[in-house]
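Here is the structure we will look at, set down as structure tokens.
The values are calculated or read from the model by the stated rules, or taken from the named source; none is laboratory data. In this text, all values refer to a predicted model and were calculated from it rather than measured experimentally. Note: ideal-geometry Cβ built from the backbone for every residue, glycine included; neighbour counts use all protein chains shown. Areas reflect the complete protein model, heavy atoms only, side chains present, ligands, DNA and RNA absent. Shrake-Rupley method; radii C 1.70, N 1.55, O 1.52, S 1.80 Å.
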Amino acid sequence: MVRTGTGHNGTQGRAPSMADVAAAAGVSHQTVSRVLNGSELVRTETRTRVLAAIAELGYRRNNAARLLVTNRSHRIGMISAHLVLHGPSMIAVSVQDAGHKAGYDVSLVAVEDFSAQSLRNAVDRLLDEAVEAIVVAVAHREALEQVVSIELPVPMIVVQGVSEGQPMAVGIDQEAGARLAVEHLLDLGHRHVAHVTGPLEWVEAGQRRTGWQRAHEDRHVLPGPELAGDWSPESGYQAGLRIAEDPDVTAVFVANDGMAMGLMYALHEKGREVPGEISVVGFDNVPEARYLWPALTTVDQEFSLLGRRAVELTLRALEGETGSSTRLIRPALVVRDSTAAPKTGPARR
């Protein structure tokens, strides 16, 4: 039985302290501390009693006090950008979830201004919170170069705009994902697949564009037309209006699902059937993709795995590993109804 004092939860209106937990559980202050630190030197019955007292009193550990005692904040910092977009937001969520499961709080700073001062301010905000490491999820090329050039007293791990073999980085293989998309269309019998790019100042947009190009090179065919986009459905819509007027285009690889949605709307508006006349593949596998008409074939990125690997690499860095790197995560193609063989004839392989 957990003993409670008088007043609200025995604390008379104030926030419960570790001493209150000790008194309620009938143990010493040191025993409560051992339970909170996960020590194995506490009997199961005692641990259960302490945890029950913590729950009943609503005790929350004082992180500032813990930092003074252990010199560990158990806090990871994260710098991210463009959180209104599906990919960056899912990366932030995946790192936060994985961090919490590993026993770390994650402090997120979102940046939209990519000036050197803005990025430096973001780093300083996180260092002021005594973070033990910083995860960088910024795919904008110039901003990424600036932030990784900052000298830090804590490890830095990069999770966007990553290349194979890059040290202290984990990422998803964007080029491989693009190749999967284009190879699927070429296998169906399409030739000269068009591409709507993301903004090429983003590292990952460039990597997807490279995958589109190399998939054609491997088959010794020329790629179709290239149209510039900016990740927005509106830019996809504008590209779709142009593609609808090109009778030679039978398939399009679009660099994200948002633009693919805009493109499909434009094709529908212009009376071009998907996939009967033009097949469409997107990238990201947003939740809405399966509910479009037709359902969108797209590339799925394993964001939850990315978060776990990022936190695993962070923990290894905190133990002293400085050259660690992880192989890029290979995405998967999700085939739905927006792709089919061209009407001009059977699939050619």
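Restricting to the range 179-217, give me the number of residues that are among the acidic types (Asp, Glu) and farther than 30 Å from GLU145 by Cβ.
Count: 2.
For GLU56, work out the one condition from (1) buried (at least 18 other Cβ atoms within 10 Å of the Cβ); (2) at pLDDT below 90 it doesn't fulfil.
Against the list (1) buried (at least 18 other Cβ atoms within 10 Å of the Cβ); (2) at pLDDT below 90, GLU56 comes up short only on (1).
So that you can scan it fast, the table gives a plain yes or no per residue for (1) open to solvent by 40 Å² or more (accessible area, probe 1.4 Å); (2) under 22 Å from the mean Cα position of the chain (by Cα); (3) of a type in the set (Phe, Trp, Tyr):
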residue: ALA130; (1), (2), (3): no, no, no
residue: ALA137; (1), (2), (3): no, yes, no
residue: GLU145; (1), (2), (3): yes, yes, no
residue: HIS184; (1), (2), (3): no, no, no
residue: HIS195; (1), (2), (3): no, no, no
residue: PRO199; (1), (2), (3): no, yes, no
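Give the number of residues within the range 298-331 that are at pLDDT 90 or above, under 20 Å from GLY211 (Cβ atoms) and open to solvent by 50 Å² or more (accessible area, probe 1.4 Å).
2
Got a sec? Which of ALA260, ALA205 is under 27 Å from GLY276 (Cα atoms), assigned to a helix (DSSP H, G or I) and at pLDDT 95 or above? Give the steps one after another, and end with the answer.
Details: ALA205 fails: under 27 Å from GLY276 (Cα atoms).
Result: ALA260 is the single residue among ALA260, ALA205 that is under 27 Å from GLY276 (Cα atoms), assigned to a helix (DSSP H, G or I) and at pLDDT 95 or above.
Are any of the residues in the range 217-232 buried (at least 24 other Cβ atoms within 10 Å of the Cβ) and part of a helix (DSSP H, G or I)?
No, the range 217-232 contains no residue that is buried (at least 24 other Cβ atoms within 10 Å of the Cβ) and part of a helix (DSSP H, G or I).
Would a scan of the range 277-292 turn up a residue that is free of Cβ contacts under 8 Å to residues at least 24 places away in the same chain and open to solvent by 50 Å² or more (accessible area, probe 1.4 Å)?
Among the residues of the range 277-292, at least one is free of Cβ contacts under 8 Å to residues at least 24 places away in the same chain and open to solvent by 50 Å² or more (accessible area, probe 1.4 Å), which makes the answer yes.
Do the conditions hold for LEU188, that is, is it among the hydrophobic types (A, V, I, L, M, F, W, C), open to solvent by 30 Å² or more (accessible area, probe 1.4 Å) and under 24 Å from the mean Cα position of the chain (by Cα)?
Spelling it out, it is not the case that LEU188 is among the hydrophobic types (A, V, I, L, M, F, W, C), open to solvent by 30 Å² or more (accessible area, probe 1.4 Å) and under 24 Å from the mean Cα position of the chain (by Cα).
Take the range 269-288 and flag every residue that is over 13 Å from GLY87 (Cβ atoms) and touching an Asp or Glu at 6+ places or on another chain (Cβ under 8 Å).
Within the range 269-288, LYS270, PRO275, GLU288 meet the criteria.
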